[in-house]
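A short write-up of the structure that comes next.
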Amino acid sequence: MQIEKKDIRALSKEQLREFFTANGDKAFRGNQVYEWLWSKVAHSFEDMTNVSKETRTMLQANFVINHIKVDTMQRSEDGTVKNAVRLHDGLVVESVLIPTNTRTTACVSSQVGCSLDCNFCATARLKRMRNLEPAEIYDQVVAIDKESRLYYNHPLSNIVFMGMGEPLMNYNNVLKAIEMIISPEGLGMSPKRIMVSTSGVPKMIKKLADDDVKFKLAVSLHSAIDEIRSRIMPFSTNFPLADLRESLEYWYKKTKSKISYEYVVWKDINDNKESIDALVKFCKYVPCKVNLIEYNPIDDGEFQQASDESINEYIKALEASGIVVKVRRSRGKDIDAACGQLANKEA
Ligand code: SF4
């Protein structure tokens with residue numbers, strides 16, 4: 001029976017050093033290989049040119065490097081790029097490069113499918129197949145950074161965890177991936193340029209605060225009224241807004257980092273005064289800003305973008321209460337790369 005080889009990037013630097021000493025080599029060899037794996041993003045052991053042939057053969061005999069492969073790359077009329085990323089086991093996730101005049105942002109996936117069941121979201125229909133490994137998240141960022149340099153002549157400036165999956169349901173791997181993205185031994189990006197977006201799992205938000213993370217936090221709120229929110233995001237019945245509020249207060253107390261609320265206004269769902277008043281009230285609990293996101297219907301179902309007038313009502317009310325609000329126009333609609341649309345249609 002053939003034993004499946006382990007992905008070498010599952011090993012920490014310390015474990016790699018131990019592997020070498022256990023095999024009669026110097027611990028320092030582990031540092032060299034670690035550098036090849038992460039900052040130099042080697043795709044094969046053969047690439048490791050300052051490592052002896054003998055060592056490379058030994059690594060080959062014991063490990064694999066499970067790199068992702070960008071299967072298809074689509075470019076939108078507005079410059080947005082969507083990658084369909086094939087994983088080593090054949091599954092596919094999507095990641096997106098969103099350019100603006102001043103920056104390029106990577107929107108990356110954290111799960112294949114999603115553990116949650118937001119009714120407006122195409123990914124929810126895929127169900128969760130598995131969590132992504134830290135290296136698979138890291139590789140998505142590397143691929144988008146390359147595209148940013150190629151098409152926009154500068155390195156990637158920001159990362160948002162708003163692709164497929166609920167990042168806090170793959171907590172350890174997401175944090176490990178971010179650790180490598182910000183590490184000088186990885187991509188060396190500032191944590192302030194990374195935003196993790198959650199649909200609001202109170203226990204995990206508190207854990208983030210306890211773990212003293214330095215990246216930013218966004219919450220997909222969509223309604224500050226429990227009954228309406230449960231209709232939009234059925235799982236939230238188990239996580240009432242009172243618990244979410246408490247976890248966000250805890251987050252702010254520990255991190256002093258403002259929350260971004262992601263909010264879509266849907267016709268006949270939350271385009272009413274009661275919803276606006278509830279949001280304004282909720283925004284007063286913790287320093288925050290609100291992103292009103294343009295919605296892209298995924299079918300002819302119950303979720304349709306509200307009118308411009310309704311969105312303006314939200315803006316007026318929030319601004320009158322001194323709350324910063326931005327309208328985020330949809331990007332990459334023509335290639336199904338916009339918010340809520342990632343569903344592996346091309347796979
Ligand atoms: S919106 Fe996010 S959390 Fe909700 S189902 Fe879609 S991918 Fe999952």
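Heads up, I need the accessible area for Lys326: 1.4 angstrom probe, whole protein in place, Å², nearest 10.
That residue has around 110 Å² of solvent-accessible surface.
Mind grabbing the base-10 log of I(q)/I(0) for the stretch 141-287 at q = 0.20 Å⁻¹? Debye formula, identical points on the C-alpha positions, no solvent, two decimal places.
Results for the stretch 141-287 at q = 0.20 Å⁻¹ read -1.21.
Quick check for you: which residues of the stretch 279-301 have the amide N under 19 Å from the point 7 Å beyond the Cα of Ile315 toward its beta carbon?
279-280, 289-296
A 30 angstrom limit on the alpha carbon distance is what I want to check against. Which of Lys40/Lys206; Lys256/Lys333; Lys13/Lys216; Lys6/Lys203 exceed it?
Working: Lys40/Lys206 35 Å; Lys256/Lys333 35 Å; Lys13/Lys216 27 Å; Lys6/Lys203 32 Å.
The answer is Lys40/Lys206; Lys256/Lys333; Lys6/Lys203.
Output wanted: per-residue J couplings in Hz (rounded whole) for the stretch 268-280, from phi through Karplus 6.51 cos²θ - 1.76 cosθ + 1.60, θ = phi - 60°, x for Gly and Pro.
Going residue by residue, I get 6, 10, 10, 9, 9, 4, 4, 5, 5, 4, 5, 5, 4 Hz, with x marking Gly and Pro.
Which whole-number value in Å² is the accessible area per residue of the stretch 6-64, probe 1.4 Å?
53
So for the chain: antiparallel DSSP bridges make up what percent, rounded to the nearest 5?
Numbers: 19 of 45 bridges.
Taking every DSSP beta bridge within the chain, about 40 percent pair in antiparallel fashion.
Amide H neighbours of Arg328 under 5 Å, counting only residues 5+ apart in sequence or on other chains, H built in-plane at 1.01 Å?
For Arg328, the qualifying residues are Leu292, Ile293, Glu294.
In units of 2.2 N^0.38 Å, what is the alpha-carbon radius of gyration of the stretch 205-347?
1.08
Please work out, to two decimal places, the log10 of the ratio I(q)/I(0) at q = 0.13, 0.21 Å⁻¹ from a Debye calculation in which every Cα of the stretch 12-153 carries one identical scatterer.
-0.71, -1.22
To the nearest 500 deg cm²/dmol, what mean residue ellipticity at 222 nm is calculated for the chain from DSSP H runs of n ≥ 4 alone, each contributing -39,500 (n - 2.57), summed and divided by the residues?
Result for the chain: -10500 deg cm²/dmol, rounded to the nearest 500.
What are the ³J(HN,Hα) couplings of the stretch 169-175, residue after residue, when phi is run through the Karplus curve with 6.51, -1.76, 1.60 and θ = phi - 60°? Round to Hz, x for glycine and proline.
Values, residue by residue: 8, 10, 3, 4, 5, 5, 5 Hz.
Over 20 Å, how big is the tail of the calculated P(r) for the stretch 67-123, in percent of all Cα pairs?
Summing the P(r) of the stretch 67-123 above 20 Å gives 34 percent of all pairs.
Rounded to the nearest 20 Debye, what is the dipole magnitude of the stretch 160-239 about its Cα centre when Lys and Arg each give +1 and Asp and Glu each give -1 at the C-beta?
So the magnitude is around 140 debye.
Under the rule of at least 5 residues apart or a separate chain, name every residue whose amide H is placed under 5 Å from the amide H of Leu116.
It is Glu166, by chain and number.
Which three extents, in whole angstrom, do the alpha-carbon atoms of the chain cover along their principal axes, largest first?
Each principal axis gives a Cα extent; for the chain these are 71, 43, 42 Å.
Give the average over all directions of the projected area of the C-alpha convex hull of the stretch 183-225, one decimal, in nm².
In nm², the orientation-averaged hull projection of the stretch 183-225 is 3.8.
Among residues other than Pro134 whose Cβ falls under 11 Å from its Cβ, what is the net charge (Lys/Arg +1, Asp/Glu -1)?
Residues near Pro134 contribute -3 overall.
Compute the distance from the alpha-carbon center of the stretch 256-315 to that of the stretch 51-89, in whole Å.
38
Taking θ = phi - 60°, what integer Hz values does the Karplus form 6.51 cos²θ - 1.76 cosθ + 1.60 yield along the stretch 154-166, in sequence order, with x for Gly and Pro?
Once rounded to whole Hz, the list reads 8, x, 4, 9, 9, 10, 10, 8, 10, x, 6, x, 9.
Give me the percent relative contact order of the chain, please, defined on Cα pairs under 8 angstrom at least 6 residues apart. Could you put the intermediate results ahead of the total?
Values: 640 pairs, mean separation 49.6, N = 347.
Taking the mean separation of contacting Cα pairs over the length of the chain, I get 14 percent.
Place a +1 charge on the Cβ of each Lys and Arg in the stretch 69-335 and a -1 charge on the Cβ of each Asp and Glu, then give the dipole magnitude about the Cα centre in debye, rounded to the nearest 20. Show your work: numbers first, answer last.
Values: 37 positive and 36 negative charges, 173 e Å.
Rounded to the nearest 20 debye, it is 820 debye.
How long are the three semi-axes of the equivalent ellipsoid for the stretch 6-64, computed from the Cα gyration tensor as the root of 5 times each eigenvalue, in whole Å, largest first?
That gives 15, 13, 11 Å for the three semi-axes.
The values are calculated or read from the model by the stated rules, or taken from the named source; none is laboratory data. On a predicted model such as this, the values are computed, not experimentally measured, just so you know. Glycine gets a Cβ as well: all are built from the backbone with ideal geometry, and neighbour counts include every protein chain shown. Only protein heavy atoms, including side chains, enter the accessible area calculation; ligands, DNA and RNA are left aside. Shrake-Rupley method; radii C 1.70, N 1.55, O 1.52, S 1.80 Å.
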